[in-house]
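Visitor: Here you go, one structure.
The values are calculated or read from the model by the stated rules, or taken from the named source; none is laboratory data. Remember, it's a predicted structure, so these values are computed and weren't measured experimentally. Neighbour counts run over all protein chains shown; Cβ positions are idealised from the backbone, glycine included.
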Amino acid sequence: MRGLVAVVGVFAFAAAACSSDDDDSGGSDSTEVESTESASTESASTEPASSEPDSTEPASTEGTTPEPASTDPAPTGPVPASGQGIDEESVLIGVSIDKSGPFGPVSAELEAALLARFEVANAAGGVNGRQVETIILDDKADPTQALENFRQLWERDKVFAIYTLGQNAPLEYIQQNEIPTFTFAGPIESFASAFPTILPLGSLTPAWTAQTAYSVVEYGGLAPKTVAVLYDPINEPLNEFVEDYWKQLGAEEVLFDPPPADCSALVLKYQDADVDYWEWQSIAFLGCLAAESTIGWEPSMGQGGPIASQIAIARLVPDQMVGVVAGSPNRLADGRPTFDEPTEAHQAYMDGMEEFAPEIFADEAALNGTVPMLIWVGGSFIVDAIEGAAESGEISQQSALDWAWNIEDWDTGIAGVIHSAAPDCKTGNDATIWGNWIVNPDPGGDLIMEPFTPDLIDNEWLGVEPCYLTTFADELTG
């Protein structure tokens with residue numbers, strides 16, 4: 001299986017959307033390296049997280065007030081470094097994302113948030129005294145181009161590590177070269193123990209839609225008996241998991257369909273079946289919204305999911321998105337729904353975006369968006385990995401991986417806790433908030449997500465074991 005099984009297929013969801021422009025503010029130095037490449041110097045946080053090892057039973061912290069990642073002082077002065085992509089003055093991070101294909105508009109927010117996070121760290125003196133520099137390549141949502149990008153970044157540009165959306169990550173090449181690779185999400189294989197150097201920082205679509213289902217029943221007051229699921233074919237092996245969680249929540253029938261060429265027939269089928277709720281896992285929902293409008297029917301109890309949660313997509317059809325179930329793998333920028341006001345971590349995010357990504361900061365819906373906030377968290381993880389590596393006395397690819405493999409309950413206070421990144425237990429950020437798209441009265445006419453869950457929701461309610469994502473990946477990939 002290859003493709004977006006996770007956030008990108010979920011919260012990154014992009015295809016033809018339009019939100020914020022690429023950020024080129026602050027002190028970043030962005031230049032064209034070649035037709036698909038730009039280099040820039042940016043920043044990240046300098047607070048190492050806990051490094052206590054626990055590769056099999058990471059403890060849940062949901063339902064408690066999250067503690068930000070450790071702020072213990074980093075080692076005084078730069079420590080020695082070995083391996084490629086790092087010297088006494090800088091550390092070079094490669095980035096391969098879809099800048100010109102269907103995910104381009106969402107990638108603009110991704111790039112702006114990641115560079116802003118790195119710029120904050122650079123302005124504070126760098127990561128272990130080193131400035132973070134980036135080389136950003138366009139994979140055009142093409143797996144072949146993604147492989148070429150990874151080859152260029154690793155073999156020619158000699159980067160220290162690579163960040164990618166994940167859906168087109170060349171898994172075998174990464175494994176063969178033991179490249180530290182941080183993914184926004186990724187295909188299900190990225191959670192497998194067979195790829196220890198791939199570190200997914202998000203989750204899988206069906207894992208997040210389980211949280212959607214629980215939230216609309218537990219907090220939204222719904223009790224659907226007939227549920228439809230518009231699934232992405234790459235998620236089909238997890239349809240049994242999807243049916244199981246809906247049945248646990250009281251559904252009597254769960255109908256599965258892949259994206260159709262014309263959604264009109266599917267809408268009529270669900271109308272005849274008296275579908276109460278429609279779970280969307282595919283960007284094809286946009287065509288189904290149009291069919292619903294033409295036919296004059298929609299599920300009585302609502303519809304939505306992670307794929308419908310990105311503001312850039314919602315703005316394509318704003319009138320039809322009002323009331324749609326949407327969510328985020330982060331708390332909102334102002335701290336809601338967990339906190340009544342921004343925490344220190346949320347304020348740091350807003351301050352950093354205001355200074356280094358002003359276009360996003362000025363756009364309330366984008367500032368609260370799933371992509372910028374989760375990317376900010378990802379940038380923090382990369383920085384903490386380098387700072388954590390420094391605690392070993394020498395920064396290298398191996399020491400950065402060792403730090404990541406031994407984290408326990410790494411938490412920025414913004415997103416869900418990453419309980420573990422050990423090869424046999426990659427938990428990712430498997431928690432979300434849920435609500436509905438509503439019309440934002442200020443400015444009038446725009447959309448904003450209004451949460452109805454009281455906090456981040458994980459899948460503890462399902463009784464899954466802590467390392468279930470890696471278990472899924474290992475079972476499905478052999």
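Each row is one residue, and each column tells you yes or no for (1) among the basic types (Lys, Arg); (2) in a helix (DSSP H, G or I); (3) under 29 Å from residue 118 (Cα atoms); (4) out of contact with any Cys (no Cβ under 7 Å at 6 or more places or on another chain).
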{"position": "377", "(1), (2), (3), (4)": "no, yes, yes, yes"}
{"position": "385", "(1), (2), (3), (4)": "no, yes, yes, yes"}
{"position": "413", "(1), (2), (3), (4)": "no, no, yes, yes"}
{"position": "435", "(1), (2), (3), (4)": "no, no, no, yes"}
{"position": "453", "(1), (2), (3), (4)": "no, no, no, yes"}
{"position": "465", "(1), (2), (3), (4)": "no, no, no, yes"}
{"position": "474", "(1), (2), (3), (4)": "no, yes, no, yes"}
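Visitor: Within the stretch 134-150, can you find the residues that are crowded, with 22+ Cβ neighbours inside 10 Å, in contact with a Pro (Cβ under 7 Å, 6 or more places away or on another chain) and assigned to a helix (DSSP H, G or I)?
Guide: 146, 150
Visitor: A follow-up question, please. State whether one or more residues within the stretch 214-227 are surrounded by 20 or more Cβ atoms within 10 Å (Cβ to Cβ), within 30 Å of residue 379 (Cβ to Cβ), under 18 Å from the mean Cα position of the chain (by Cα) and polar (S, T, N, Q).
Guide: Checked against the condition, which is being surrounded by 20 or more Cβ atoms within 10 Å (Cβ to Cβ), within 30 Å of residue 379 (Cβ to Cβ), under 18 Å from the mean Cα position of the chain (by Cα) and polar (S, T, N, Q), the stretch 214-227 yields no hits at all.
Visitor: Please find, among 303, 320, 347, 310, the residue that is in the same structural domain as residue 363 (by TED's automatic domain parsing) and of a type outside the set (Lys, Arg).
Guide: 347
Visitor: Given the conditions (1) buried (at least 24 other Cβ atoms within 10 Å of the Cβ); (2) modelled with pLDDT under 95; (3) not aliphatic (A, V, I, L, M), which single one is not true for residue 331?
Guide: (2)
Visitor: For the condition of a type in the set (Gly, Ala, Ser), closer than 27 Å to residue 351 by Cβ and either touching an Asp or Glu at 6+ places or on another chain (Cβ under 6 Å) or touching a residue at least 24 places away in the same chain (Cβ under 8 Å) (or both), what is the one hit in 124, 146, 141?
Guide: 124
Visitor: Pairs, please: C-beta under 6 Å, at least 6 apart or cross-chain, first residue under 17 Å from residue 198 (Cα atoms) and in the stretch 379-402, second of a type in the set (Lys, Arg)?
Guide: Filtered contacts from the stretch 379-402: 379/117.
Visitor: Which of the residues spanning the stretch 334-355 are of a type outside the set (Phe, Trp, Tyr), surrounded by 21 or more Cβ atoms within 10 Å (Cβ to Cβ) and within 14 Å of residue 415 (Cβ to Cβ)?
Guide: Those that are of a type outside the set (Phe, Trp, Tyr), surrounded by 21 or more Cβ atoms within 10 Å (Cβ to Cβ) and within 14 Å of residue 415 (Cβ to Cβ): 345, 346, 348.
Visitor: A follow-up question, please. Residue check, residue 197 against (1) touching a Gly at 6+ places or on another chain (Cβ under 9 Å); (2) in contact (Cβ under 8 Å) with a residue 40 or more places away in the chain; (3) more than 21 Å from residue 298 (Cα to Cα), all met but one. Which one?
Guide: Unmet for residue 197, out of (1) touching a Gly at 6+ places or on another chain (Cβ under 9 Å); (2) in contact (Cβ under 8 Å) with a residue 40 or more places away in the chain; (3) more than 21 Å from residue 298 (Cα to Cα): (1).
Visitor: Need the failing condition index for residue 284 against (1) modelled with pLDDT of 95 or more; (2) closer than 24 Å to residue 243 by Cβ; (3) more than 17 Å from the chain's Cα centre (by Cα), just the number.
Guide: Against the list (1) modelled with pLDDT of 95 or more; (2) closer than 24 Å to residue 243 by Cβ; (3) more than 17 Å from the chain's Cα centre (by Cα), residue 284 comes up short only on (1).
Visitor: Is there any pair with a first residue in the stretch 257-276 that is more than 16 Å from residue 246 (Cβ to Cβ) and a second that is charged (D, E, K, R) and at pLDDT 95 or above whose Cβ atoms are under 6 Å apart and which are 6 or more apart or on different chains, and what are they?
Guide: The qualifying pairs are 266/257; 267/292.
Visitor: Pull up the stretch 458-478, narrow it to residues that are of a type in the set (A, V, I, L, M) and surrounded by fewer than 19 Cβ atoms within 10 Å (Cβ to Cβ), then point me to the one that is modelled with the lowest pLDDT.
Guide: 476
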